[in-house]
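Asker: Take a look at this one; I'll ask things after.
The values are calculated or read from the model by the stated rules, or taken from the named source; none is laboratory data. Model, not experiment: these values are computed from the prediction. We place every Cβ from the backbone using ideal geometry, glycine too, and count neighbours over all the protein chains shown.
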């Protein structure tokens, strides 16, 4: 109520629209106040009881403004001014309105008495058409969360469509997620074993679908308890730590005292490294605890040669006769009644040495596990998935079902990055003209700079990063020549610290080392 009275007193004489507790789906948070006056969207954050303008608070209101700019359709081309109000501050910091190229202004820090002056200065400076508040408030919101943000939101029991784009992308995710959920329930009810193959265009949200199934069924006491498996060790470590930190903070905010280690154990129960899951099968003759497993990037499972070599060198098991897909399916086949395997399949990727490709999964089911049902995305036939001749052989067997619902056809990438993958592919393929055409389409929205001066590159990155936008330095694993620049690629980097820690931590990506 105090904020409402504050706004009533200081907005006298102005015409516009006011939105309180404006929801930001991607961030799982709410903006205190959004004001639409003339051609300007004002994003206002109150810090009640604060006398200083803390860096975290400045970043918070800046992040809100950037989120509207990037993901709220009616805000793409308008001017957005973030304002931070410290209610106990005695004076405002001096400010000059400064807009970046996308017309998001640098945050203004004001004490209560300086709020109206900031509004007036902005309205005198910024020109444009008066915003239609009805059109603005009804415009679709298209959030494109990072994998970490998505996992956090799902673990906090938000629905998959609540954190995805509110358009065809969200519908596509909902349809595919629901289909997998139905297949799990059918498998249990009808006591059958099945494997389903999910495909999707780049950025469509295959991993998001997998995490959604795993989080919805993460309770170990559930008969349909699921686990999300990935061979990407850093991804598993980062997701686990992010979810653990988030849950500890959420419980603390509710006044509940919890141990981080205990929370971490519950997170580990549904996000695991696929190699640890495989090793468990070696050590224990019984079936796994989970009836539902989701394999991320399933096409990267090892072929027979790679698996046999590993088993002999690392596990002292010579003569191992299964490829990784065969062995993992056989592990799930130990369940007497029912089991479900969900394979998330990436397309358009070169298979590295020792990786079997998705046809190894198809062949294993077709030749060794003929009682298993297969539910196959109707788009697995596309050449980019390299299913090859095996798919034709599979068509002849019983218990096969090609399903349109298992393909994610709509990319969820931000409007700023829609053409980036096309540009990168053309660039790496040395296709000059397609690369030029793709670059023209993204240049205004997605800045790209080229330099041979590492110091200048770091300066440019720091100057262009806003709010808590994450940035970091990535180098080729073969780039030994970078050592004179204090970049030693032989040094192990802890991915948890690098991806998750804040700007004050020297181990974080922000330090560009």
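Asker: Pairs, please: C-beta under 6 Å, at least 6 apart or cross-chain, first residue closer than 27 Å to residue 152 by Cβ and in region 271-297, second at pLDDT 95 or above and in a helix (DSSP H, G or I)?
Answerer: Close Cβ pairs satisfying both conditions: 292/184.
Asker: On to the next question. Can you tell me which residue in region 146-164 is modelled with the lowest pLDDT, limited to those that are in a loop (DSSP other than H, G, I, E, B) and surrounded by 23 or more Cβ atoms within 10 Å (Cβ to Cβ)?
Answerer: That would be 164.
Asker: Out of all the residues in region 451-468, which are surrounded by 12 or more Cβ atoms within 10 Å (Cβ to Cβ) and part of a loop (DSSP other than H, G, I, E, B)?
Answerer: 465, 466, 467, 468
Asker: Within the group 435, 426, which residue is in a helix (DSSP H, G or I), at pLDDT 90 or above and crowded, with 16+ Cβ neighbours inside 10 Å?
Answerer: 435
Asker: Scan 65, 56 and give me the residue that is in a helix (DSSP H, G or I), surrounded by fewer than 19 Cβ atoms within 10 Å (Cβ to Cβ) and under 28 Å from the mean Cα position of the chain (by Cα).
Answerer: 56
Asker: When residue 272 is evaluated against the numbered criteria (1) within 30 Å of residue 191 (Cα to Cα); (2) in a helix (DSSP H, G or I); (3) modelled with pLDDT under 95, which criterion, by number, is the only one it fails?
Answerer: The one condition residue 272 does not meet is (2).
Asker: In addition: Give the residue that is modelled with the highest pLDDT, with candidates limited to residues of region 346-359 that are over 25 Å from the mean Cα position of the chain (by Cα) and surrounded by fewer than 21 Cβ atoms within 10 Å (Cβ to Cβ).
Answerer: 354
Asker: Within region 42-52, identify whether any single residue is under 19 Å from residue 132 (Cα atoms) and over 30 Å from the mean Cα position of the chain (by Cα), and answer yes or no.
Answerer: The answer is no; no qualifying residue exists.
Asker: Could you identify the single residue in 485, 497 that is within 19 Å of the chain's Cα centre (by Cα) and either surrounded by fewer than 16 Cβ atoms within 10 Å (Cβ to Cβ) or not assigned by TED's automatic domain parsing to the domain that holds residue 233 (or both)?
Answerer: 497
Asker: With the requirement that a residue be over 18 Å from residue 128 (Cβ atoms) and out of contact with any helix residue (DSSP H, G or I) (no Cβ under 6 Å at 6 or more places or on another chain), what does region 97-113 give you?
Answerer: The answer is 106, 109, 111, 112, 113.
Asker: Across region 362-377, which residue is nearest to residue 298 (Cα to Cα) among those that are surrounded by fewer than 15 Cβ atoms within 10 Å (Cβ to Cβ) and touching a residue at least 12 places away in the same chain (Cβ under 8 Å)?
Answerer: Applying the filter and picking the extreme gives 368.
Asker: Wholly within region 313-412, which strands (runs of 3 or more DSSP E) include no fewer than the required count, namely at least 2 residues that are in contact with a strand residue (DSSP E or B) (Cβ under 6 Å, 6 or more places away or on another chain) and closer than 30 Å to residue 428 by Cα?
Answerer: 339-344
Asker: Working only within region 165-185, note down all residues that are at pLDDT 85 or above, farther than 11 Å from residue 209 by Cα and in contact with a strand residue (DSSP E or B) (Cβ under 8 Å, 6 or more places away or on another chain).
Answerer: 183, 184
Asker: Please tell me if residue 471 is in a helix (DSSP H, G or I) and under 30 Å from residue 69 (Cβ atoms).
Answerer: It is false that residue 471 is in a helix (DSSP H, G or I) and under 30 Å from residue 69 (Cβ atoms).
Asker: Can you go through 97, 131 and tell me which one is buried (at least 17 other Cβ atoms within 10 Å of the Cβ) and in the same structural domain as residue 71 (by TED's automatic domain parsing)?
Answerer: Just a single option satisfies the conditions, and that option is 131.
Asker: A follow-up question, please. Only one residue in 92, 77, 137 is assigned to a loop (DSSP other than H, G, I, E, B) and closer than 30 Å to residue 204 by Cβ, so which one is that?
Answerer: 77
Asker: Among the residues of region 189-205, which ones are surrounded by fewer than 24 Cβ atoms within 10 Å (Cβ to Cβ) and either modelled with pLDDT under 90 or part of a helix (DSSP H, G or I) (or both)?
Answerer: Result: 189, 190, 201, 202, 203, 204.
Asker: Looking at region 385-399, which of its residues are surrounded by fewer than 17 Cβ atoms within 10 Å (Cβ to Cβ), within 28 Å of residue 172 (Cα to Cα) and in contact with a helix residue (DSSP H, G or I) (Cβ under 8 Å, 6 or more places away or on another chain)?
Answerer: 388
Asker: Please determine, by comparing only the residues of region 223-244 that are out of contact with any helix residue (DSSP H, G or I) (no Cβ under 7 Å at 6 or more places or on another chain) and assigned to a helix (DSSP H, G or I), which one is farthest from residue 277 (Cα to Cα).
Answerer: Residue satisfying both the conditions and the ranking: 235.
Asker: Out of all the residues in region 117-138, is one or more at pLDDT 80 or above, more than 30 Å from residue 372 (Cα to Cα) and under 26 Å from the mean Cα position of the chain (by Cα)?
Answerer: Scanning region 117-138 turns up at least one residue that is at pLDDT 80 or above, more than 30 Å from residue 372 (Cα to Cα) and under 26 Å from the mean Cα position of the chain (by Cα).
Asker: If you take the residues of region 298-312 that are over 30 Å from residue 152 (Cβ atoms) and not in a helix (DSSP H, G or I), which of them is farthest from the chain's Cα centre (by Cα)?
Answerer: So, considering only residues that are over 30 Å from residue 152 (Cβ atoms) and not in a helix (DSSP H, G or I), the one farthest from the chain's Cα centre (by Cα) is 303.
Asker: Tally the residues that are touching a strand residue (DSSP E or B) at 6+ places or on another chain (Cβ under 8 Å), assigned to a loop (DSSP other than H, G, I, E, B) and in contact (Cβ under 8 Å) with a residue 60 or more places away in the chain, restricting the search to region 12-52.
Answerer: Residues that pass the stated criteria total 4.
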